């Protein structure tokens, strides 16, 4: 999926919001089943207790937004620019 102008990762409370506006003309989400790419994204997000929303209008485009909950411990530090490894350790302390 190509990143488009205006896409930005946002923090809303204890959730990261990641909108994407892939190139395309849009479609009717009520009549078109989810494709394998969207199903794969939804499954991966669900495995991390996240979710995905698809908003699309024919001839106008599509926005796919992923919502991913922040981990309980380091959430405040993430907002301040800290990075964490898979064990939840602040990588700045691994000199």
Could you please find all residues in the stretch 49-64 being surrounded by 11 or more Cβ atoms within 10 Å (Cβ to Cβ), under 22 Å from residue 14 (Cβ atoms) and modelled with pLDDT of 90 or more? 50, 51, 52, 53
Can residue 89 be described as within 17 Å of residue 10 (Cα to Cα), over 16 Å from the mean Cα position of the chain (by Cα) and at pLDDT below 80? no
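The values are calculated or read from the model by the stated rules, or taken from the named source; none is laboratory data. Fair warning: this is a prediction, and the values are worked out from it, not measured in the lab. Glycine gets a Cβ as well: all are built from the backbone with ideal geometry, and neighbour counts include every protein chain shown.
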